[in-house]
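These notes are about the structure you will find just below.
All of the numbers you see were taken from the coordinates with simple rules; none came from a lab. In this text, all values refer to a predicted model and were calculated from it rather than measured experimentally. So basically every Cβ, Gly included, is an ideal-geometry build from the backbone, and we count neighbours across all protein chains shown.
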Amino acid sequence: MEYLVALADERQFTRAAELTGVSQSGLSAAIRNLEVELGTKLFTRTTRRVEPTEAGLALLPFARSMLSSATEARDAVVQVSRELAGTLRVGSEQCLGVVDVATLLERFHRRYPRVEIAFQQAGSHELLAGVRDGELDAAFVATADHVGVLPRTVLGQQPMVFLCPADHPFASRAAVDRADLGGESFIDFHPSWAVRQMNDDAFAARGVRRRVRFTVNDVHTLLDLVDRGLGVALVPRHVAAKPQAARLVALPVAADGSADWIVSLVTTPDRADSPAPHLTELLTEAPSC
């Protein structure tokens, strides 16, 4: 049912497999087995998109209900069988895509109501410093740098894409190369955001000097500025799929050895009474949060 819901929501096997933490072939096989068991097609497949059939749409609300009931049942058992108190100090970078932080914290609160949650939103490098210094118990970050020996659970990764208005000279290309982008005006995030350092490092490695004209601390502001023709951007793929980016063109970036954008949950190893391991436990139970 989890695979069915993910595929119906994402309409592509690659993204659904990423969200559910299974291989694309494994997800495809599971859907085929379900179709065989029910005796009907649940999805129509093309080279670009997957669409639920009428039977798939009919099954979908029951699948969501089953998943919700299973989650509530698990949480109810844990709540009465485990006594956990204290404070969970947790932070997250904005709009991570591969994890729904708000939903995860809601589940944590429902399961452990005696734990007070103290949440903050900041850039990944600032959050990592907070975990290292003992100011945070856990942080959802989008970088592999500066993690060191901190416990880390990788939640997913995505390639970077080039984002520009539809009338941009590069909009008709199949892909872009960073070597061709030196003359562009860029809109990018504050240096405390992991994606900014990724972009800076990737251009420096190619010997390309770029101009960042606008520095922002909000994904929607970045998309609005690009939409108004004030610059271009390099963002993780899920950002380009937001409704606010509907009028923009997203192009793949030619492979040049640059790392993908990686999202992880990093926790402190020092506090024996920290609730952070229980947050990690929720992720392993529900990898598609």
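Numerical summary
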{"item": "Gap separating the Cα centres of region 1-76 and region 215-279, nearest whole Å", "result": "26"}
{"item": "Projected label distance in nm at S185 and L230, using a 7 Å step from Cα toward the beta-carbon", "result": "0.9"}
{"item": "For the chain, radius of gyration divided by Kirkwood radius, i.e. Rg to Rh on alpha-carbons", "result": "1.00"}
{"item": "Förster radius 41 Å - calculated FRET efficiency between R247 and A55, Cβ distance, rounded to 0.05", "result": "0.75"}
{"item": "Rounded FRET efficiency, nearest 0.05, which uses the C-beta distance separating T103 from T44 and R0 of 35 Å", "result": "0.75"}
{"item": "Rounded to 5, the percent of DSSP beta bridges in region 1-129 classed as antiparallel", "result": "30"}
{"item": "For region 160-259, convex hull of alpha carbons as volume per residue, Å³", "result": "88"}
{"item": "At 1.306 mPa s and 10 °C, Stokes D of region 2-73 from Kirkwood alpha-carbon radius, µm² per second", "result": "129"}
{"item": "Computed helical MRE - 222 nm, the chain, DSSP H runs ≥ 4 contributing -39500 (n - 2.57), nearest 500", "result": "-12000 deg cm²/dmol"}
{"item": "Extension gain from R114 to V212, taking 0.36 nm per residue of separation minus the Cα-Cα distance", "result": "30.7 nm"}
{"item": "Ratio of Rg to Rh over region 88-225 (Cα coordinates, Kirkwood Rh, two decimals)", "result": "1.03"}
